[in-house]
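What follows is a single structure, written as structure tokens, with notes after it.
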Amino acid sequence: MGAACGEFKRAGRRGARLFGPLRYPPTPLLSLRAIRKQFGPIAAVDGLWLDVAAGEVFGLLGPNGAGKSTTIAMATGLLVPDSGAVEILGLGSPSDPKVRAHLGLAPQEITLYGELTARENLVFFARLYGVREPRRRVDELLARVELDGRANDRISTFSGGMKRRLNLAAALVHDPRVVLLDEPTAGVDPQSRARILELVRELAREGKTIVYTTHYMEEAAKVCDRVGIVDHGKMLDLGTVSELIGRHGGRTAVTVERDGAEERVLTLDPVGEVSRQLATGGVTGVRVERPDLETVFLSLTGRSLRE
Amino acid sequence: MSSAAAGIPALTAAQRVAVVFRREFRSYFQTPLAAVFLVIFLFLAGLFAFNIGGLYERNQADLRPFFQFHPWLYVFLVPAVSMRLWAEERRTGTIELIMTLPFGAADLVIGKYLAAWAFTTVALALTFPVWITVSWLGNPDHGTILVAYLASALLAGAFLAVGSCLSALTKNQVIAFVLCAVACFVLLLAGFPAVIDFLRGWAPVGVVEGIASTSALTHYESMMRGVVDLRDLLYFALVIAAFLVINVFAIDWKKSD
């Protein structure tokens, strides 16, 4: 632990100051090492490995029941792995309350007090974390999630999207270094979704490590530096979106329209294929369908993400 | 390494308990629960004391008829307060967030428990007009009445500890209510005269006394006479401490449910 902690100080703090925000510093702030959790006969998480670096947004992509929330629960100390280990900032396991001080969690469910106002909810958590000047910090966060105008309203009067934004603010109240967001955009309106995604990108620019679970591929592709495809509790593969598509996306479909008929060609060289087709003449339309994360998921699991 | 490393000074346990206490205590008054509880408690306490207990008819300047019904009132009213303590956190999912806070469950358990106890003590304190009435009509032993108030508060505290612990086991408030009411009833039953008489018929005296000493009723009635016996205080302190410790383990055990 001592060595890991030393490495973190060199790479994370000094590195960030000298070279600007590091996208992939060598020492992970969140490490999951072969974690496993069994519920009865079902292995919810089955030997999952993951390292997430400072300033990185890591997306855990998988269908409902894939083990994403169980992974988050183990990463925050809510669940203890049956085997394997979780390490935060090289300091130890999140079952240690002092280590948990560096974690911020926005759970999948709205976890706020309905009878309290937005400000009262955040001030309560800020006080429990011992935040200096809690009211100032809370006002700053309310403005950041664009709820400053509703600060004194009870959250039972809020829309789903507003509650989600406030849930996210509660996770950030103590300025944690590692933020775990479990399906933060589930069931929200487009405006709130856009604000949440924008905020995630801002947090990453500030150097926070973010783990983001979702089953929306377009979101994962938009905000995550790296994505891990999870199914049946296993990490099937991980990498940047383009790496995953390169490894598992297969060929690009080029559909050429000629004389009212369509011809579909699968190719690894879509630009060359389009040029070839245009050169033959008589082409009235061309459509190129690149593989995406859905294709990757289908290729890795044999089923659609939405199934 | 401490939470100070995250740029935040670590709070003491007492400060954290105070934060939880304030929020929890205020929350009683942000819902209709406080008003409903206070009205029902004051109405039933008065009804039992004056109509069933015959406070006036006895022609004695004491509050015995008033206090003797408190255990039975608490069997139903205390679970109404304690049922929401943890079951509500579990139902709304807020337990997930509070269990990731950088300290153990003990501070949360104590803070919530003290708030509930303070609330029931407020309800008890609001019965002071009965004391004033008796003082106006006669010359009661104020020391005895004060000790009886203390006994009543301790009994409510013991029942709340039981209720808080049982509330941690479920997300259903109705189940939490029923479990607590049954547990409190059992805690009283062992000291109930009819039960003791039944036991005396076949059990050795030592066993009967042993069983009776586990009853909250035995210790409550002992204090109601105006005697502050260390054994009675110890009994209530032990019941409260034991159930709060179990409460902490229960929260930790079921935190991710």
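Key figures for this structure:
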| quantity | calculated |
| --- | --- |
| Some residue of region A:69-85 being open to solvent by less than 10 Å² (accessible area, probe 1.4 Å), in contact (Cβ under 8 Å) with a residue 24 or more places away in the chain and either more than 12 Å from chain B (Cβ to nearest Cβ) or over 30 Å from A:Arg33 (Cα atoms) (or both) | yes |
| Residue within region A:88-102 that is farther than 30 Å from A:Leu298 by Cα, open to solvent by 30 Å² or more (accessible area, probe 1.4 Å) and in contact with a Ser or Thr (Cβ under 7 Å, 6 or more places away or on another chain) present | yes |
| Failed criterion for B:Val20 (all others in (1) under 18 Å from A:Leu116 (Cβ atoms); (2) among the β-branched types (Val, Ile, Thr); (3) without any contact (Cβ under 8 Å) to a residue 12 or more places away in the chain hold) | (3) |
| Those residues of region B:57-88 which are open to solvent by 10 Å² or more (accessible area, probe 1.4 Å) and within 14 Å of chain A (Cβ to nearest Cβ), in sequence order | B:Arg84, B:Glu88 |
| All helices (runs of 4 or more DSSP H) inside region A:155-225 with 1 or more residues being within 14 Å of chain B (Cβ to nearest Cβ), farther than 14 Å from A:Arg144 by Cβ and open to solvent by 10 Å² or more (accessible area, probe 1.4 Å) | A:160-172 |
| Sole residue being within 22 Å of B:Ala87 (Cβ to Cβ), among the charged types (D, E, K, R), at the interface with chain B (Cβ under 9 Å from one of its Cβ atoms) and in contact (Cβ under 8 Å) with a residue 40 or more places away in the chain, chosen from A:Glu115, A:Glu120 | A:Glu115 |
| Breaking point among (1) within 13 Å of another protein chain (Cβ to nearest Cβ); (2) out of contact with any strand residue (DSSP E or B) (no Cβ under 6 Å at 6 or more places or on another chain); (3) surrounded by 24 or more Cβ atoms within 10 Å (Cβ to Cβ), for A:Pro107 | (2) |
| Residue among A:Asn121, A:Asn64 that is at pLDDT 90 or above and either open to solvent by less than 10 Å² (accessible area, probe 1.4 Å) or in the same structural domain as A:Ile210 (by TED's automatic domain parsing) (or both) | A:Asn121 |
| Test: residue in region B:125-148 that is surrounded by 17 or more Cβ atoms within 10 Å (Cβ to Cβ), within 13 Å of B:Tyr74 (Cα to Cα) and either touching a Phe, Trp or Tyr at 6+ places or on another chain (Cβ under 8 Å) or of a type in the set (A, V, I, L, M, F, W, C) (or both) | no |
| A:Val256, sole failed condition from (1) farther than 22 Å from A:Met217 by Cβ; (2) open to solvent by 30 Å² or more (accessible area, probe 1.4 Å) | (2) |
| Count - residues of region B:203-221 that are without any contact (Cβ under 8 Å) to a residue 12 or more places away in the chain and assigned to a helix (DSSP H, G or I) | 5 |
| Residue match in region B:228-237 (condition: in contact (Cβ under 8 Å) with a residue 24 or more places away in the chain and surrounded by fewer than 14 Cβ atoms within 10 Å (Cβ to Cβ)) | yes |
| Tally, over region B:95-115, of residues that are facing chain A (nearest Cβ under 10 Å), touching a residue at least 12 places away in the same chain (Cβ under 8 Å), out of contact with any Asp or Glu (no Cβ under 8 Å at 6 or more places or on another chain) and assigned to a helix (DSSP H, G or I) | 2 |
| Selection status of B:Arg200, of a type in the set (Lys, Arg), over 23 Å from B:Met83 (Cα atoms), open to solvent by 30 Å² or more (accessible area, probe 1.4 Å) and touching a residue at least 60 places away in the same chain (Cβ under 8 Å) | no |
| Restricting region A:124-147 to residues that are at the interface with chain B (Cβ under 9 Å from one of its Cβ atoms) and open to solvent by 30 Å² or more (accessible area, probe 1.4 Å), the residue that is modelled with the lowest pLDDT | A:Arg132 |
| Lone unmet requirement of (1) modelled with pLDDT under 95; (2) open to solvent by 60 Å² or more (accessible area, probe 1.4 Å); (3) of a type in the set (A, V, I, L, M) for B:Ala216 | (2) |
| For B:Thr92: the one exception among (1) modelled with pLDDT of 85 or more; (2) more than 9 Å from chain A (Cβ to nearest Cβ) | (2) |
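So that you can scan it fast, the table gives a plain yes or no per residue for (1) of a type in the set (D, E, K, R); (2) modelled with pLDDT under 90; (3) in contact with a helix residue (DSSP H, G or I) (Cβ under 9 Å, 6 or more places away or on another chain):
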| residue | (1), (2), (3) |
| --- | --- |
| A:Asp175 | yes, no, yes |
| A:Pro190 | no, yes, yes |
| A:Gly207 | no, yes, yes |
| A:Glu218 | yes, yes, yes |
| A:Ala253 | no, yes, yes |
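The values are calculated or read from the model by the stated rules, or taken from the named source; none is laboratory data. Every value quoted in this text rests on a predicted model; they were computed, and no experiment measured them. Neighbour counts are summed over all protein chains in view; Cβ atoms, including those assigned to glycine, are modelled from backbone coordinates with ideal geometry. All accessible areas refer to the heavy atoms of the entire protein, side chains included, with ligands and DNA or RNA removed. Shrake-Rupley method; radii C 1.70, N 1.55, O 1.52, S 1.80 Å.
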